[in-house]
Amino acid sequence: MLIGVISDTHGYVDPRLAAAFAGVDAIVHAGDVGGAHVLDALHAMAPLYAVCGNNDEKLGGLGLNLHEDFDLDGVRFHLVHQLPHARPGDTTDVVVFGHSHRTLIEQRGSTLYVNPGAAGRVGFHKIQTVALMRVRRGTIVDARVVELGARQVVARKKAEDRR
């Protein structure tokens, strides 16, 4: 299963997202969505899991929760916008977060932490990035951050790196 991970769109649907997320089976958005039109555009590509970011609060939260816990192909996700607000359970495999606009793929104990950076135009980041994760029957096979447009790998974590 291929999962697209995105955060901090701030109301911008980058036209390069369609190519970056081509073939994904699900999309995970870690907040600061910026508008229902972003959720609609992403949901048109694949099933969507999303949380409310601090800037979404001004928009009434867009009907999103602050945390989401879900399972994709046997991998347990905890989704939150700001890492200090994360509440992963004992069985959480992946914590996905945003807010900082800084990419991160880091193994902490038995949990993988993923921040895809920022895909919007608002903020101090210089490039728009997303992440792609491949999971299979309860195993994280690959996780990588890619620059939009170039599909250039910014950071990567393979399953064999987790051992």
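Every read-out reported here was derived from the displayed coordinates using simple, explicitly stated rules and does not represent laboratory data. Note that this is a predicted model, so its numbers are computed, not measured. Neighbour counts are summed over all protein chains in view; Cβ atoms, including those assigned to glycine, are modelled from backbone coordinates with ideal geometry.
Tabulated data
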read-out	value
Odd one out for Leu79 among (1) within 10 Å of the chain's Cα centre (by Cα); (2) part of a helix (DSSP H, G or I)	(2)
Those residues of segment 44-60 which are outside any loop (DSSP other than H, G, I, E, B), of a type outside the set (D, E, K, R) and either free of Cβ contacts under 8 Å to residues at least 12 places away in the same chain or within 21 Å of Thr92 (Cα to Cα) (or both), in sequence order	Ala44, Leu48, Tyr49, Ala50, Gly60
Set Gly74, Gly23, Gly35: member being surrounded by 15 or more Cβ atoms within 10 Å (Cβ to Cβ), on the phi > 0 side of the Ramachandran plot and among the small types (Gly, Ala, Ser)	Gly35
Matching residues in segment 51-99 - criterion: being of a type outside the set (Asp, Glu) and in contact with a helix residue (DSSP H, G or I) (Cβ under 6 Å, 6 or more places away or on another chain)	Cys52, Leu62, Phe97
Residues of segment 112-147 satisfying the condition of being among the β-branched types (Val, Ile, Thr) and under 17 Å from Gln82 (Cβ atoms)	Val114, Val122
Subset tally (residues that are part of a strand (DSSP E or B) and without any contact (Cβ under 8 Å) to a residue 12 or more places away in the chain) for segment 107-117	1
Positions within segment 61-75 being part of a strand (DSSP E or B) and free of Cβ contacts under 8 Å to residues at least 24 places away in the same chain, in sequence order	His67, Glu68, Asp69, Phe70, Asp71
